[in-house]
Amino acid sequence: MKTVIRLLPVLGLALSTAVAQDPPAAQEPDLVLGKKVYLQSCVVCHGISGKGDGIVAGNLLVKPRNFTDGRFKVRMTPNGKVPLDSDLYRTINRGMGHDNAMPAWANLKVDEKNAVVAYIKTFAPKKFARQDRAKEIVIPPRTAATVESIAEGEKWFTAIQCGKCHGETGRGDGVSAPTLVDSWGYKIVPPDLSKPWLFIGGSEPVDLYRTLRTGLTGSAMPTVDGTLTEDQTWDLVNFLDYNFIRPGRSVPR
Amino acid sequence: MGTGVVNLKIGHFELELPFSDLRRLSSAIAPYEVYAIQGVKGSFRLSSPQVGIALNGYKQMGLNALRYEAALVNGTNGAFDNNVEKDFYGRLAFSRLFDGFLKSVRLGGLYYKGMQNLRDLAGNPYPTAAMRDYWGDEFSINVHANPENASFYRWGIDASIDLKIPDFSLGPLPLGWSINLYGQYLVGHDDDIDMTNMNMPYFGSSGDAGGGDIHKSLASHDPDWLTRPFDYSGGFVGADIIVLPAKFYLIGRYDWLTASNQWADPVDGVDGAYVRPAGSASWLDGEIRRYNGDPMPRGMTSNLQANPDDAINSLSRISIGFRFHFIQPVTLIYEYSSQQNLWGFPEPPPLMYNPDWVAGMGRIVNVDSNWHMIMFMFAF
């Protein structure tokens, strides 16, 4: 039994890696198809010109992304940089989760998803022209979720004041939570980490790592890049995972 | 890639009206009057769910979209179908998305064609032998039905426009509102099935053929009173405003309705002129009074003589309200309506079998009214 418990993190990592796999690369951007998909599935929220001002945008508490400024929350690139095609594809495929209205469009065909990624990029051509220079972060293998690692993570949780927004118990009820707004001035709500929902950027350990390292551009979630090392980031992920996200498991030794 | 959906509905369903009752702030007051009006002799309401089969769907073509429905229903508001007549409903709407302040425009039309109950489920024509026997034996009235005057229809046009004011705020008040402006115009017509003989006697108090003299007098002066179809037109225009998404909504709406050939309002009848002298009231007249006061249409009792052409024939209503979800789990809804003239009051009791009365045929009466509705909702 202990062996199984020890293997869980490894299995989780393997699963997470599988989920986060890059999509098949598009052969040629099919902008005609991309526009068709966009008008069919995206336009009501993101608007005809991609400004995030579609017909239902005014009804939404969390505003749809404005594609024209090239800022995206979920990325494998450093904070503030344009995302990779695979980032956009992943978000389309999986949705945004939490309190966000962006659904998963996994039902679209692969070429349709690739096409709409290409079309979305046309809303911010100058930004995405620098996409080739964007530096993709590397996610190292997960540090084993040992008692020591989790304790270390707890230390960092306190040190960098995660609880200020997420609350000391991860319930999203930190002292700053009521006052949080995004870069556009809209109110945002830190997720309750104990709920079994999809966090923005994903709920698997590898997703948490990426979110911590890159931050969520435009939101109040900062990057830990420059504050924590890669190992310390994994420690923090282990702490979050074992204490808030998937509690109830035996803490490995 | 799917660019549309098609849906087949069988059973009990709401017709796809341009503006569903479900979008109202509450179902407590202020119905969409032109949908809810109950004018036909069968109590048909356009807004009531019907039993039948329908094909509806949505087809998107870039920024344009078509929405449609074709339905075959029994027109009995979901009640057990008591006749073999079937009704048809069709709806077509076109919409287009726009960029900027104007977000979308939708234009549509609807058509409903129905038949009043002319045959029972066995196919026997109305009036059935039992009906004829009853009226013949009891009152010497020859009841018949004229199939030529047995249909009814509704047609309407509608529009809906979505606007979005660019986000800005005035102090703490955010003004980047989303606004939906909408309107419906609808025309309705009900034939008068005329299940009574034009030359029938009124309910006599005594003497020959049940007071036939009085009836003959009415019929000769204004026979249209007996075969008067019901027509109406009206609609509503309104605005739904999202002040704070998921938090605070405002609504405002104006309904109006004009009925022609309606049953007259005795309030506006000819002063001092009675359909019949009070002393000549029949047994049935007495029963009517006992159950219902003195409200009968057509001035058939001792009411003041009511001239339908002089009656109050229009009503209007303005409604405003808001929905405020101010803290979980409490939501506050407030709605206010002010109406000039009422529709559908009073209605005859259902136990009175007269083809006109049992229909719940309403009238516009000169009574103004105001309603306030405050509702707290708790949703945990």
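The values are calculated or read from the model by the stated rules, or taken from the named source; none is laboratory data. Keep in mind that this is a model prediction, so the values were computed, not measured. Positions of Cβ are backbone-derived with ideal geometry, glycine not excepted, and every protein chain shown enters the neighbour counts. Surface accessibility is based on the protein's heavy atoms, side chains included, excluding ligands, DNA and RNA. Shrake-Rupley method; radii C 1.70, N 1.55, O 1.52, S 1.80 Å.
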*Calculate, for B:Met373 and B:Leu63, the FRET efficiency according to 1/(1 + (r/R0)^6) with r their C-beta to C-beta distance and R0 41 Å; round to the nearest 0.05.*
0.60
*Accessible surface, the stretch A:23-133, averaged per residue in Å² (probe 1.4 Å)*: 45
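At a 1.4 Å probe radius, carbon and sulfur cover how many percent of the accessible area of chain A?
Values: 7220 of 12450 Å².
Carbon and sulfur together cover 58 percent of it.
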*asked:* Please report the accessible area of A:Trp197 (heavy atoms, 1.4 Å probe, ligands and nucleic acids excluded) in Å², nearest 10.
replied: 90
*Using protein chains only (no ligands, no nucleic acids) and a 1.4 Å probe, work out which residues of the stretch A:49-75 have their accessible area cut by at least 30 Å² relative to the chain alone.*
A:Asp53, A:Ile55, A:Gly58, A:Asn59, A:Leu61
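So what is the accessible area of the stretch A:143-245 per residue, in Å², with the probe set to 1.4 Å? Spell out each step's value before the answer.
Values: 4410 Å² over 103 residues.
Each residue of the stretch A:143-245 exposes 43 Å² on average to a 1.4 Å probe.
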*Please work out the FRET efficiency for the pair B:Ala130 and B:Trp155, using the Cβ-Cβ distance as r and a Förster radius of 30 Å; give the result to the nearest 0.05.*
0.25
*May I ask for the distance between the Cα centers of the stretch A:205-251 and the stretch B:75-131, given as a whole number of Å?*
59
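If eta is 1.306 mPa s and T is 10 °C, what Stokes-Einstein diffusion coefficient results for the stretch A:23-133, Kirkwood Rh from Cα pairs, in µm²/s?
Details: Rh = 14.0 Å.
In µm²/s, the coefficient is 114.
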*Give the accessible area for A:Arg94 in Å² (nearest 10); use a 1.4 Å probe, count only protein heavy atoms, and leave out ligands, DNA and RNA.*
50
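How much length is gained if the chain between A:Lys195 and A:Ala129 is pulled fully straight, taking 0.36 nm per residue apart and subtracting their Cα-Cα distance, in nm to one decimal? Show your work: numbers first, answer last.
Values: separation 66, 0.36 × 66 = 23.76 nm, distance 3.85 nm.
Extending this stretch completely gives an extra 19.9 nm.
Is there a simple number for the mean count of other chain Cβ atoms within 10 Å of the Cβ of residues in B:94-107, and what is it? Kindly include the intermediate steps, with their values, before the conclusion.
Details: counts 0, 1, 0, 7, 3, 8, 5, 1, 1, 9, 4, 0, 0, 0.
Mean inter-chain Cβ contacts per residue within 10 Å come to 3.
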_Connecting C-alpha atoms closer than 10 Å in a GNM of chain A, tell me which of A:Ala134, A:Ala151, A:Ala159 has the biggest fluctuation._
A:Ala159
*Enter the mean number of other protein chain beta carbons within 10 Å of the beta carbon of each residue in B:126-137, as an integer.*
0
_As a test of reading the structure, rank B:Asp368, A:Asp69 by solvent-accessible area (1.4 Å probe, protein chains only), most first._
B:Asp368, A:Asp69
*For the stretch B:239-261, which residues drop by 10 square angstrom or more in accessible area between the chain on its own and all protein chains together (1.4 Å probe)?*
B:Ile242, B:Pro245, B:Ala246
*Can you give the average number of partner chain beta-carbon atoms within 10 Å of each beta-carbon in peptide A:29-40, as a whole number?*
2
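Semi-axes of the equivalent ellipsoid for the stretch A:158-253, please: Cα gyration tensor eigenvalues, times 5, square-rooted, ordered largest first, whole Å. If you can, show how the numbers build up before the last one.
Numbers: eigenvalues 91, 50, 30 Å².
One finds semi-axes of 21, 16, 12 Å for the stretch A:158-253.
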*Measure nothing but the geometry: give the 0 to 90° angle between the long axis through the Cα atoms of A:230-240 and the longest principal axis through the Cα atoms of chain A, rounded to 10°.*
80
*Sorted by mean Cβ packing within 10 Å, highest first, what order do the peptides B:4-11, A:236-243 take?*
A:236-243, B:4-11
*Quote the total accessible area buried by chains A and B together, excluding ligands, DNA and RNA, probe 1.4 Å, nearest 100 Å².*
1600
*For B:Ile29, B:Ile165, write out the residues from largest to smallest accessible area, computed with a 1.4 angstrom probe and no ligands counted.*
B:Ile165, B:Ile29
